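Read the figures in this text as sums done on the coordinates, not as results from a lab. Predicted model, so just to flag it, every value in this text is computed and none were measured. Reconstructed Cβ throughout: ideal geometry from the backbone, glycine too, with neighbour counts over all protein chains shown.
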Amino acid sequence: MARTVLSILCLLVGLVCFPSTGCWEAPWFCHGRECPVYTVVQQYEGFEERNYEVSHWITTDVASSSNSDLKDGFWKLYYFNQGQNSESKYIAMTRPVVVSVKEADFTGERQVSISVFQSDADIPEPNDNTIRKTVIPGGTVYVRSFSGVASDEDALENVQQLREDLRAAGKVFVENRYDAAGYDAPWDLINRHNEVWVRAP
C-alpha cells in the first residue's frame, strides 16, 4: 500500500519510481528524457561519486573514436530505436550516448564502442548483427563533468584530470578503461553537459 501511494505521488510530481530506489528525479541535463538511475554518494572538488542501478543498453563496436566512426556507430543505434529491429518497434531516444574506450594493452589494441541507454529491459532483437544488447551491472562510478562541444581530446584531458583527482583522494578505480557520456543533440549549442566516467573495480 505504501509503495502504491509513493508511486502515485512520484507520478504526480513528475518523478520516476523504481522498486530499489523509490522516486528518482532525473537531473536537468537529461532534458526530460529517460536516463540511467543513480544516487550521488559524495560530491568532491572536481568529481562526483555515484552509485548506479543496473542498466540496459544497445551497443556497437567502432573502429576508433574519430567523429566519422562514432557517427556511423550512432546512426546504427538510432535506426534500431526508429524501428529497424525484430518487432519494427519505435523506441524513444534516451540520454546519454556513451563512448566506451578500453585503452591499449601489450597487444597495442584500443577497443572503442558506442552505446545508447534503454529504459526498458525488454527490447526487441536487433536486425543488424553488429548491434548487441548489453547489461551494465550496478556499482560505483566516478564522474567528472564539463561543458561545450566535446571532442576526443576534451574527453582524454578530462579523464586524465579525473584519474589524478581520484589518486589524490585515495580512490581505487579501473585504470585502463573510461566512458565519455554526451547528453545533448549536435545542434544544441548552449548549456551542453558532458561527462567522463571511471568505474570502481
| GNM on the chain, C-alpha springs below 10 Å: top fluctuator among Pro126, Pro36, Pro137? | Pro137
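Let me have the relative contact order for the chain, percent, based on Cα pairs under 8 Å that are six or more residues apart.
Details: 375 pairs, mean separation 45.0, N = 201.
Relative contact order of the chain: 22 percent.
If you take every residue apart from Ala92 with its C-beta less than 9 Å away from the C-beta of Ala92, what net charge results, scoring Lys and Arg +1 and Asp and Glu -1? Let's see the in-between values first.
Numbers: positive: Arg33; negative: Glu34.
Summing Lys/Arg as +1 and Asp/Glu as -1 gives 0.
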| query | Average projected area of the Cα convex hull of the range 30-199, in nm²? | reply | 10.2
| message | Straight-line reach from Lys102: which lysines fall under 29 Å, measuring Cα to Cα and dropping same-chain residues less than 8 apart? | response | Lys71, Lys76, Lys133, Lys171
| field | Nearest-0.05 FRET efficiency for Arg167 and Gln82, computed from C-beta distance (R0 45 Å) | value | 0.60
| query | Quick one: net charge of Gln43's neighbours, Cβ under 15 Å, K/R +1, D/E -1? | reply | -2
| query | Looking only at Ser65, Ser55, Ser86, which one moves most when the chain is put into a Gaussian network model with springs between Cα atoms under 10 Å? | reply | Ser86
| message | Under 10 Å, Cα contacts only: if you run a Gaussian network model on the chain, which one of Leu162, Leu77, Leu189 comes out with the highest mean-square fluctuation? | response | Leu189
| query | When the helix-only estimate is applied to the chain (DSSP H runs of n ≥ 4, each -39,500 (n - 2.57), divided by the residue count), what is the mean residue ellipticity at 222 nm, nearest 500 deg cm²/dmol? | reply | -7000 deg cm²/dmol
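Which helices, taking whole DSSP H runs in the chain, have alpha carbons extending 30 angstrom or more along the helix axis plus mean Kyte-Doolittle at least 0.5?
Correct list, ordered by number: empty.
Count neighbours as other Cβ atoms within 10 Å of each site's Cβ, and list the trypsin sites (Lys or Arg not before Pro) in the range 52-124 that are DSSP loop with at most 16 such neighbours.
Numbers: sites: Lys71, Lys76, Lys89, Lys102, Arg110; in loops: Lys89, Arg110.
Here the trypsin sites (Lys or Arg not before Pro) that fit, given the DSSP loop and packing criteria, are Lys89, Arg110.
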